[in-house]
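To start, I am sharing the structure in question, which I have written as structure tokens.
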Amino acid sequence: MPKNTISDILNNQHTGEVSNLQGWVRTFRSNRFIALNDGSCQSSIQCVVNFQDFSEDLLRRITTGSSISVNGEIVVSIGGGQSVEVKVNSIDILGDCPPDVYPIQPKRHSLEFLREKAHLRMRTSTFSAVMRIRHTAAFSVHDFFNQNGFFNLNTPIITASDAEGAGELFRVTTLPFDETPRKEDGTVDYNYDFFEKPTNLTVSGQLEGELGAMALGKIYTFGPTFRAENSNTTRHLSEFWMIEPEMAFHDLADNMDLAENLCKFMIKSVLEKSKDDLNILDTRLLNEEKSKPKDQRSELSLIEKLNFVLDNQFIRCSYTEAIEILMRSKPNKKGKFKFPITEWGVDLQSEHERYLVEKHFKSPVILFDYPVNIKAFYMRLNEDGKTVRAMDVLFPGIGEIAGGSQREERHDVLVKKMQDVGIDPEHLDWYLDSRKFGTCVHSGFGLGFERMVQFVTGMANIRDVIPFPRTPGNAEF
Ligand code: 4AD
Ligand code: MG
């Protein structure tokens, strides 16, 4: 007997066929209607049971969460709500699910409650929708770069460098804590460590990515990234996934175009390929909005918001212009910003980014040409000597979704910039070699994958768009 997934049965004409279906029971009503879900799609299929044909004992074991195998005929449904249903011939209980202790009941659970049950939450319609959309989005990344002549490059996860120079590193070591080998001066003797030097989990694949671009032209990485940053916010994870393209012979303008095209491609793919899942999340968000005061409700639904981003060009605005806008802004004048903008040169906080995107421009914005002091050492210095060719892509509801730059390709300038921020050029001699041997204008950026998934799913908390979130104080599951 053919084994079919529910997605296959609902999408293809199988009426009249006898099929085998295996899945988990969502609900069992009136000893007659089983809503069976196998995770292959948002919809459950209705399995109609003639209860006289089955023992009471078996019927009692068909409970929410139990896994069953059903043989039956696919027939046109007489009831509303579904096109086809299964006329059940036989049922096997594969795995019982005791209803008195199973936490996922067919009712609304709060996201906070489900976060504590992350090992089971993917069985709910909300989280299965998010995870399927996450898949669609990830697939679209590879599609996009493949179609555009980029090569996928796997950069190391264990590394001895701190690409961002921010010191938010998770140390990787096999040294014993209690008897750490030390040198005479009391410092740790890393000669005894596994790699014979201090190593950490990567905060970015960029530096190695640049080396790939200097050989293959256009590359991208899509890998896990680790930051021991103590930020307990709705937009930070300690372990997240980053997409980092790097392109030789591309300047900042090319870089901005690529970032905009990638974002739009990902959003378009989800709109086209994850319709049912998006609809579920759209409705979820609509209900959530209804419980807010009228003036705080979003003007656009989730799907409208995604289409809005597709239909409009991202605004490009220099940091200097942005500071002028912020200085003149109402919240700044009225002292509403937690960090008031008083002068050129300050770093922008997410309240400022969100003001620009949500209130001022009402559109995604790419800010560029930031002050040299607030950006990483590898960004190309402008002729003014004060700003660098940096860019941040800002999205409504999210703030910074991607950050990147044109890279400093001049050997002498780069060495000087490293020294200015206290990075030993010798430590990164392999990186500097790319500027010694056939250097060229090149650029790249990093897109936070979970932040994009947040945007397309409308989930407010980043912990709800990754299966098992890692955050300060939390590495459960
Ligand atoms: O702005 P970031 O730190 O840039 C870099 O790491 C560069 N080396 C990228 C490059 O040019 N190749 O990080 C890039 C993006 C951010 O814009 C944000 O979307 C995401 O990564 N991100 C995080 N996402 C979740 N949790 C965190 N703790 C994140 N930190 C950064
Ligand atoms: Mg950044």
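The values are calculated or read from the model by the stated rules, or taken from the named source; none is laboratory data. Computed from a prediction, not measured in an experiment: that's the story for all the values here. Don't worry about glycine lacking a Cβ; one is built from the backbone with ideal geometry, like all the others, and counts go over all protein chains shown. Ligands, DNA and RNA are stripped out before the accessible areas are found, and what is left, the full protein with its side chains, is counted by its heavy atoms. Shrake-Rupley method; radii C 1.70, N 1.55, O 1.52, S 1.80 Å.
Work out Dmax and Rg for the range 312-423 from the C-alpha atoms and quote the Rg first, both in angstrom.
Final numbers for Rg and Dmax: 14.8, 46 Å.
Quick one: dipole size for the range 148-199, taken about the Cα centre, charges +1 on Lys/Arg Cβ and -1 on Asp/Glu Cβ, in debye to the nearest 20.
200
Still on this model: Semi-axes of the equivalent ellipsoid of the range 84-169: what are they in whole Å, largest first, if each equals the square root of 5 times a C-alpha gyration tensor eigenvalue?
40, 23, 13
Over the residues of the range 6-102, compute the C-alpha Rg and express it relative to 2.2 N^0.38 Å.
1.00
Rounded to the nearest 0.05, what FRET efficiency is calculated for Phe194 and Thr233 with R0 set to 35 Å and r the Cβ-Cβ distance?
Rounded to the nearest 0.05, the efficiency is 0.55.
Could you work out [θ]222 nm for the chain from helices alone, using -39500 (n - 2.57) per DSSP H run of at least four and dividing by all its residues? Round to the nearest 500 deg cm²/dmol.
The helix-only estimate for the chain comes to -9000 deg cm²/dmol at 222 nm.
Also, I was wondering about something else. Using only alpha carbon pairs under 8 Å that are at least six residues apart, calculate the relative contact order of the chain and give it in whole percent.
With pairs under 8 Å counted, the relative contact order is 13 percent.
Would you please name the trypsin sites (Lys or Arg not before Pro) within the range 10-50 that are DSSP coil residues with at most 16 other C-beta atoms within 10 Å of their C-beta?
Arg32
I'd like the accessible area for Leu10, computed on protein heavy atoms only with a 1.4 Å probe and all protein chains in place. Round to 10 Å², please.
Roll a 1.4 Å probe over it and Leu10 shows about 50 Å².
Moving on to the next point. Let me check against my output: what whole-number percent is the relative contact order of the range 6-102, with C-alpha pairs under 8 Å and at least 6 apart?
Computed value for the range 6-102: 30 percent relative contact order.
I've got another one for you. Where nothing but the Cβ of Lys and Arg (+1) and of Asp and Glu (-1) is charged, how large is the charge dipole of the range 291-443 around its Cα centre, in debye to the nearest 20?
The calculation lands at about 780 debye.
Starting from the Cα-Cα distance between Val18 and Glu383, subtract it from 0.36 nm times their residue separation and give me the gain in nm to one decimal.
Length gained, Val18 through Glu383: 124.1 nm.
Can you give the accessible area per residue of the chain, in Å², using a 1.4 Å probe? Walk me through the numbers before you get to the answer.
Working: 23470 Å² over 477 residues.
Per-residue value: 49 Å².
If each residue of separation counts as 0.36 nm, what is the full-extension length gain between Lys330 and Asn287 once their alpha-carbon separation is subtracted?
So the extension gain works out to 12.4 nm.
Please work out how much length the chain gains when fully extended from Asn152 to Ile78, using 0.36 nm per residue of separation minus the C-alpha to C-alpha distance, in nm with one decimal.
Working: separation 74, 0.36 × 74 = 26.64 nm, distance 4.98 nm.
Taking Asn152 through Ile78 to full extension adds about 21.7 nm, to one decimal.
Using +1 at the Cβ of each Lys and Arg and -1 at the Cβ of each Asp and Glu in the range 364-410, identify which of Leu394, Phe377, Gln406 lies farthest towards the dipole's positive end.
Phe377
Quick one: plug the Kirkwood hydrodynamic radius of the range 364-477 (C-alpha pairs) into Stokes-Einstein at 10 °C, 1.306 mPa s, and report D in µm²/s. Provide the component values of the computation, followed by the final result.
Values: Rh = 16.3 Å.
Approximately 98 µm²/s, per Stokes-Einstein.
With the full set of protein chains in place, find how many percent of the accessible area of the chain is carbon and sulfur; take the probe as 1.4 Å.
Working: 11800 of 23470 Å².
Carbon and sulfur: 50 percent of the exposed surface of the chain.
Under a 1.4 angstrom probe, counting protein chains only, how are Glu343, Glu179 ranked by accessible area, largest first?
Listed by decreasing accessible area, they come as Glu179, Glu343.
Here's something else I'd like to know. Calculate, for Glu168 and Gln52, the FRET efficiency according to 1/(1 + (r/R0)^6) with r their C-beta to C-beta distance and R0 45 Å; round to the nearest 0.05.
Numbers: r = 65 Å, r/R0 = 1.44.
Rounded to the nearest 0.05, the efficiency is 0.10.
Separate question: Kirkwood hydrodynamic radius for the chain: how many Å is it when counted over pairs of different Cα atoms?
It is 25.5 Å.
Between the range 411-430 and the range 150-206, what's the alpha-carbon centroid distance in Å?
After rounding, the separation between the Cα centres reads 19 Å.
Given the C-alpha centroids of the range 285-345 and the range 61-137, what is the distance between them in whole angstrom?
First find each Cα centre; the distance between them is then 38 Å.
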